[in-house]
Structures are given as structure tokens and as C-alpha cells.
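Every number in this text was worked out from the coordinates using simple rules, so none of it is lab data. Being a predicted model, the structure only gives us computed values, none of them experimental. Every residue, glycine as well, gets a Cβ built from its backbone with ideal geometry; the counts of neighbours run over all protein chains shown.
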């Protein structure tokens, strides 16, 4: 069962929902800016050993998140003995690869998104016909990358290296997290994180939650938040990085 963290409240508090192992740098930045932080991970990442022998026999290997990098490295330590080109969906993913001595050939210069990555691939590679492309990811996610590459006559395939799970919290744990009420600002980094947040929060606090400003990482998630009933400001961090999330939160204070 995940351990929860709750800080003493200041006038402006932020609910951080990202997975625990990815939250520390963001929490430090928020606290340095004087915010009070409440950590409630809404996604639990489960890594498992995976056979990556087929992945090595690719022309292009695409990593869709920093978690995908960690999961792959856990199964087969970098650097890999392969002639494949390596692509990262964004800056954070590229940095995770570089820290593990895996050079990155292709990374979008603008947003960390499927659309930006497809544009970067078009510039760097051009014709992808018959290219064997392995998409390293979790057990779910958007299929746009796969379907677009298929339509361009590439040969894409998935390599799953981790699973996403809904964390389980006891009523006592949730009471501790929300002992001062619902925080002033909500930070969310994915569609699933938002969906899980609504599933985790006690029903008696749902309306308060929906009345809080929320920071998300994509227009798609912003629309999801509206559809779910969030009725205060919904701000998109662009590019989808920690620095952009922090900037949006500062704008609300």
C-alpha cells in the first residue's frame, strides 16, 4: 500500500498526483516557491522483467515516457547492442535515456506529444516504408503513433515494459491527506491520472475537487477535465514538462 505525504499547509497548496518515484523534483521546486504540497499518487507503476530480444532487432526504437526508459533498462541494461535508431517522445524521456548512456537520435523540439514526434520522424527519416519500429511503452495508451506509422507502411509493434495500476488507499490514509480539505490547485500529468483521481477522492469531497483549478499536460486532458465536471480554470502546461507545470501553477498564485 502506497505511503502518503502531507505537508503543513500554507495559503496556497498544490495536490501532486504524479507517481511517487517521479514526484520528488517537482515537490522540491514547489516548496522552494513557497507552496504547500500534498502528494497523492493516482497511478502506481509496476515494472516487470521483459524479454527485449525482438526489440533489439528493430530499425527504430521509440520510447514513449521516462517510465518506458526505466522499465526497459530494468530488463536489459543500457547501452544496448543494436544498430537501431532511438527516438524519445519528449525532453524528459530523452534526458532519462541520456542519463543511462543511451544516445537519442530523434526528439521533438516543441511539445512532448505523439503529433510532435511524428513530425520529428518525418524530418529525420522521411519515408518509413518497411521500417521495423518498436514502440516501448506501458500496458495502455494512445494508439495514434502505431496507426499513423502503419498507414505510412512502416511495421510498428508494441513492447510493454510496465503496467499502470490504481493505487489502493484506506479511509484513514485519505483522511490524513485531506485533513485540511481539498488543496487549492490540482496538478495532473495524464488522462489516466485524472480519471483515477476522481475514483480515489472520497465522494464527499468531489464537488470541492471539481471547483479547484487544474493543471494538465495536453489539450486532450483539458477537454477530459471539462467533461468530468471541473469548472474552474483548466490550464495546459506546454510543453508537457515539469517547468511548464510549475509556471502554470505560479500564474494561479
Using 1/(1 + (r/R0)^6) with R0 = 35 angstrom and r between the beta carbons of residue 118 and residue 21, what's the FRET efficiency to the nearest 0.05?
-> 0.75
Would you mind checking the range 54-72 for residues with the amide N under 16 Å from a putative spin-label position 7 Å along Cα→C-beta of residue 46?
-> 71
Quick one: angle between helix 219-228 and the longest Cα principal axis of the chain, in degrees between 0 and 90, rounded to 10, please.
-> 40
Gain in length, residue 147 to residue 29, computed as 0.36 nm per residue apart minus the alpha-carbon separation, to one decimal in nm?
-> 38.7 nm
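Taking Rh as the Kirkwood radius computed over C-alpha pairs, what is the Stokes-Einstein D of the range 83-154 at 4 °C in a medium of viscosity 1.567 mPa s, expressed in µm² per second?
The diffusion coefficient I find is 102 µm²/s.
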Compute the relative contact order of the range 46-164 as a whole-number percentage, counting only Cα pairs closer than 8 Å that sit 6 or more residues apart in sequence.
-> 30
Rounded to one decimal in nm, the spacing of the 7 Å Cα→Cβ label points at residue 76 and residue 100 is 1.2
Mean-square fluctuation maximum in Gaussian network of the chain, Cα pairs under 10 Å, restricted to 205, 60, 118, hits 205
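How would you order 102-109, 139-146 from highest to lowest mean count of nearby Cβ atoms within 10 Å?
Result, highest mean Cβ count within 10 Å first: 102-109, 139-146.
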Counting DSSP beta bridges with both ends in the chain, the antiparallel % (nearest 5) | 20
Between the Cα axis of helix 114-124 and the main Cα principal axis of the chain, the angle (0 to 90°, nearest 10) is 30
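Highest mean first, how do 163-171, 230-238 rank when packing is the count of other Cβ atoms within 10 Å averaged over residues?
Peptide ranking by packing, descending: 230-238, 163-171.
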Cα axis of helix 66-75 to longest principal axis of the chain: angle in degrees, 0 to 90, nearest 10?
-> 60
Which one is right for this structure if log10 I(q)/I(0) by the Debye sum over Cα atoms at q = 0.09, 0.13, 0.17 Å⁻¹ is calculated from it: (i) -0.45, -0.92, -1.38; (ii) -0.42, -0.84, -1.27; (iii) -0.34, -0.74, -1.38?
-> (ii)
